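Enquirer: Following this message is one structure expressed as structure tokens.
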Amino acid sequence: MIYLKTPEEIELMRKACELTSRTLGEMAKWVKPGVTTHKIDSVAKEFILDNGGRPACLGYGGFPGAVCIEVNETVVHGFPSTYSLREGDIVGLDVVVELNGFNGDMCYTFPVGETDERVMALMKATKESLYKGIEACKEGARIGDIANAVQTYVERRGYSVVREMCGHGIGRKMHEDPEVPNYGRRGTGPLIKNGMCIAIEPMVNLGSRNIVIEEDGWTCRTRDRKPSAHYEHTVAVLGGETRILTTFDYVKEVLGDKFV
Ligand code: MF3
Ligand code: CO
């Protein structure tokens, strides 16, 4: 069941997404060699709570962190841990914040110091594919149009798309209908309507698309252990227009010239 939102509800979504975006900016300041992923998680948790929000991942289905932390071959749902980031790593920070009953969901994959050129290119293409997906998200189009836009963009560049995990509707719950896959055919899937709020989140691998879920039941990594990148925005369709409710502007402030 897809819950379409009123303009008032979308305004509340926007506020939740604003806090989510600011949280990501706070975490960005800590992405550097020697910092543990646990430290980044606690920075986020504290910032969210200080600002009246709730870290929605914490305790969700038993998830142990406030943020999902995705180092190198981790695709999604990595646990914060005692691992210290190393020069050359990449790390995806995926955060969901609930504020006033609504959720914002976003993710950004960062290089830690200087990272391999091929991995930089993977991250750039993945981020671009997110915007291709958003461009295809229009009132009257279908979810498959988003999926196809993402898939076509990344596969043309020789990367592969993870199929087992996808984006999703979002609102009072972090995960609502519809599912938003990153692969599929144009003109298929649910119709995109006014009031729809969805999280679009391409997960793109340098090697094969195959994944493995670790024994903890959560951590999803590439089977070939090659790196994977992940970017996510929450978007809303309102008055016939698609608005990106989350923003990477706070990340950009931190990264400066390194924001590509
Ligand atoms: N953006 C992630 C997702 O949609 C957030 C998951 S939070 C978790 O799957 F608690 F489920 F890990
Ligand atoms: Co999500």
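The values are calculated or read from the model by the stated rules, or taken from the named source; none is laboratory data. Here the structure is a predicted model, which means the values were calculated and not measured. Note: ideal-geometry Cβ built from the backbone for every residue, glycine included; neighbour counts use all protein chains shown. Ligands, DNA and RNA are excluded from the accessible area calculation, which covers all protein heavy atoms including side chains. Shrake-Rupley method; radii C 1.70, N 1.55, O 1.52, S 1.80 Å.
Enquirer: Rounded to two decimal places and with Rh computed the Kirkwood way over Cα pairs, what is Rg over Rh for the chain? Mind dumping the intermediate values first?
Expert: Details: Rg = 16.8 Å, Rh = 17.9 Å.
On the Cα set of the chain, Rg over Rh gives 0.94.
Enquirer: What does the range 106-165 give for Rg and for Dmax, in Å, if only its C-alpha atoms count?
Expert: 12.9, 43
Enquirer: State the extension gain, in nm to one decimal, for the chain segment bounded by His38 and Asn210, taking 0.36 nm per residue of separation less the distance between their alpha-carbons.
Expert: Here the segment from His38 to Asn210 would lengthen by 59.2 nm.
Enquirer: Longer than 29 Å from Cα to Cα, which of Lys45/Lys173; Lys39/Lys258; Lys173/Lys258; Lys15/Lys193 are they? Say none if no pair is.
Expert: Lys173/Lys258
Enquirer: Next question. Leaving out ligands, DNA and RNA, what percent of the accessible area of the range 69-134 is carbon and sulfur, probe 1.4 Å? Provide the component values of the computation, followed by the final result.
Expert: Numbers: 1060 of 2260 Å².
Roughly 47 percent, rounded to a whole number.
Enquirer: How large is the accessible surface per residue of the chain, computed with a 1.4 Å probe and reported in Å² as a whole number?
Expert: 44
Enquirer: Full-extension gain between Asp177 and Leu49, please, as 0.36 nm times their residue separation minus the C-alpha to C-alpha distance.
Expert: Gain on extension, Asp177 to Leu49, equals 43.3 nm.
Enquirer: Now for a separate question. Select from the chain the helices, each a whole stretch of DSSP H, whose alpha-carbon atoms run 24 Å or more along the helix axis and whose Kyte-Doolittle mean is at least -0.5; answer none if there are none.
Expert: Sorted by number, the helices that extend far enough and score high enough are 7-28, 117-136.
Enquirer: Strictly greater than 18 Å: what percent of every Cα pair in the range 1-154 meets that?
Expert: Result for the distance tail: 63 percent.
Enquirer: Separate question: Given Val96, Tyr183, Val43, which one lies farthest toward the positive end of the charge dipole of the chain, if we put +1 on the Cβ of every Lys and Arg and -1 on the Cβ of every Asp and Glu?
Expert: Among Val96, Tyr183, Val43, the one farthest towards the positive end of the dipole of the chain is Tyr183.
Enquirer: Further question on the same structure: Please give the direction-averaged projected area of the C-alpha convex hull for the range 142-231, in square nanometres with one decimal.
Expert: 6.3
Enquirer: If you don't mind, there's one more thing I want to ask. Quick one: compute a quarter of the convex hull surface over the Cα atoms of the range 1-61 and quote it in nm².
Expert: If I average the Cα hull's projected area over directions, I get 5.6 nm².
Enquirer: If you stretched the chain out fully between Ser81 and Lys138, how much longer would it get, using 0.36 nm times the residue separation minus the C-alpha to C-alpha distance?
Expert: Stretched out fully, the Ser81 to Lys138 stretch lengthens by 16.6 nm.
Enquirer: Could you pull out the trypsin sites (Lys or Arg not before Pro) across the range 112-157 that fall in loop regions by DSSP (anything but H, G, I, E, B) with no more than 16 other Cβ atoms inside 10 Å?
Expert: For trypsin sites (Lys or Arg not before Pro) across the range 112-157 that sit outside H, G, I, E and B with at most 16 neighbouring Cβ atoms in 10 Å, the list reads Lys138, Arg157.
Enquirer: Distance between the C-alpha centers of the range 54-90 and the range 1-51? Whole Å please.
Expert: 14
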